[in-house]
Structure formats: C-alpha cells, structure tokens
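The values are calculated or read from the model by the stated rules, or taken from the named source; none is laboratory data. Since the model is a prediction, treat every value here as computed from it, not as a measurement. Virtual Cβ from ideal backbone geometry, glycine too; neighbours counted across all protein chains shown. Heavy atoms of the whole protein, side chains included, go into the accessibility calculation; ligands, DNA and RNA do not. Shrake-Rupley method; radii C 1.70, N 1.55, O 1.52, S 1.80 Å.
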Amino acid sequence: MSRFLIFILLLATCTSFAFASDPSPLQDFCVADPKSPVVVNGVVCKDPKVVQAEDFLFRGLHQMGNTSNNVGSDVTPVTVAELPGLNTFGISMARIDFAPMGINPPHTHPRATEILTVIEGTILVGFVTTNTENRLITKVLEKGDVFVFPEGLIHFQKNLGNGYALALAALSSQNPGVITIANAVFGSNPDIAADILAKAFQTDINVVYQIQSKF
C-alpha cells in the first residue's frame, strides 16, 4: 500500500472521529433562532447584536416535575429547545423526578452520552450492551453517586425507595434526542404491523394488540 493511500485512510479516520459528536463552536456563541425559516443540521444562529442575557438563562429547574403518570417519573429537559444559548456548545441537562418505586423506562439517546448524579434517594440504574452479547450492567446508586450511560445504549432508572427521588443528568449534545423503547415499538404512528411484533417478541398477536392499545 502506497504512503499516499495510507495518508488518505488516516485522514478519513481522523475526520470521522472529528465529526463523531456535536461540532465545536467557531465563535463566542451562536444563540439558536427557532423562528428562522432556514433549515440546517442544528439551529440557525440569531444575530449576535440582538442577543440578550435571557438567551443564556433557564429558570425553574428547582421545581419538582409531575410524577402522577403510569411510569411514576417526570423529566425536565434543558436542551437547545429550552435554552437557546446552548446552541453549538454540545451539552445539555435534565432533571429527573421519581415517585416512590417510579421508573424512567428503558430508552436511548441516539446522539449523546449521559452522566447521572443522584441528588436524593436510592436509584437502580442499568444499561444493555449491543448485540450479540446484550449484557445487562446495573448498579444501585445512593445520594451523591455518579453513573455514566454510553451513547446510544438502552438504559433505565428505578426509584427503590418509599419516598421521592431526584437525579440530574448531563448529556454530551445540545439535542441528545430520546427514544423510549416501549413507546417507539408499540406506539409508533402508524403502528408497526402486529404480526411483525408478534414474531419479534415471540408472542401471540393478540398480546401485541393489547399492548399497542395502551399506547
């Protein structure tokens, strides 16, 4: 193999690594302008001359979320959609409230690694590795513990206590995205054909219909 070809392969590899996550900003800030008609990979910048302090501010993260739902948890996101000043910075965060025995159901963030800090309570966390091993890695966390969920892997949390629990999550993207597995599989729009799900989950098609009706 020629030295030139080796150089091209190395350059392609480095380039792919360089663009593996949110790109680095090329100016002091690029406050998101959601009203812009221009469509780009991300969010268009607001004119810096009209940027205000409020563009970098999010209020209310001290307020508890409403956990009166079927899963017993509530996520308060702080992404570029809620805080325009995050645009191009490659970070975001979320507050996660848990009712007693509440769960944050299995989900994945397609564009971000997540690091979770327990603020209050005892929380079981876990993630599953990719095929074909599908290894489940779990840990019980106490107040002050920190746990990381690798980018793209399915993960979950459960409050093990009889009181409310609270965690804060930091994510390595301004727009990490979230795919809740049950919602995506059984609540897609339109529905995934029930015979496909029945075969995939090795169950009766009527069971699939029953589950889909819940979503």
Hey, does segment 58-67 have a residue that's of a type in the set (Lys, Arg), modelled with pLDDT of 95 or more, out of contact with any strand residue (DSSP E or B) (no Cβ under 9 Å at 6 or more places or on another chain) and assigned to a loop (DSSP other than H, G, I, E, B)? yes
A careful count of residues in segment 108-121 that are farther than 19 Å from Leu160 by Cα and open to solvent by less than 30 Å² (accessible area, probe 1.4 Å) gives 4
In segment 81-100, anything open to solvent by less than 60 Å² (accessible area, probe 1.4 Å) and part of a loop (DSSP other than H, G, I, E, B) is listed as Leu83, Asn87, Thr88, Gly90, Ala99, Pro100
Residues in segment 151-167 that are open to solvent by 50 Å² or more (accessible area, probe 1.4 Å) and either aromatic (Phe, Trp, Tyr) or within 17 Å of the chain's Cα centre (by Cα) (or both) total 4
When restricted to Leu136, Leu124, the only residue open to solvent by 60 Å² or more (accessible area, probe 1.4 Å) and among the aliphatic types (A, V, I, L, M) is Leu136
Quiz item: On the given criteria, is Pro77 surrounded by 14 or more Cβ atoms within 10 Å (Cβ to Cβ), closer than 20 Å to Asn175 by Cα and touching a helix residue (DSSP H, G or I) at 6+ places or on another chain (Cβ under 6 Å)?
Solution: no
If we keep only residues of segment 195-215 that are in a loop (DSSP other than H, G, I, E, B) and in contact with a helix residue (DSSP H, G or I) (Cβ under 9 Å, 6 or more places away or on another chain), then the residue most open to solvent (accessible area, probe 1.4 Å) is Lys214
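The rows are residues; the columns are (1) within 29 Å of Gly90 (Cα to Cα); (2) free of Cβ contacts under 8 Å to residues at least 24 places away in the same chain.
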site	(1), (2)
Asn131	yes, yes
Phe147	yes, no
Pro176	yes, no
Val208	no, yes
Taking segment 174-188 and keeping residues hydrophobic (A, V, I, L, M, F, W, C) and over 12 Å from His155 (Cβ atoms) leaves Ala182, Ala184, Val185, Phe186
Only one of Val43, Val78 is under 21 Å from the mean Cα position of the chain (by Cα) and under 30 Å from Ala165 (Cβ atoms), namely Val78
Out of (1) farther than 30 Å from Gln27 by Cβ; (2) touching an Asp or Glu at 6+ places or on another chain (Cβ under 9 Å); (3) buried (at least 17 other Cβ atoms within 10 Å of the Cβ), the one Ile103 does not meet is (2)
Considering residues that are in a strand (DSSP E or B) and aliphatic (A, V, I, L, M), the number found within segment 68-80 is 2
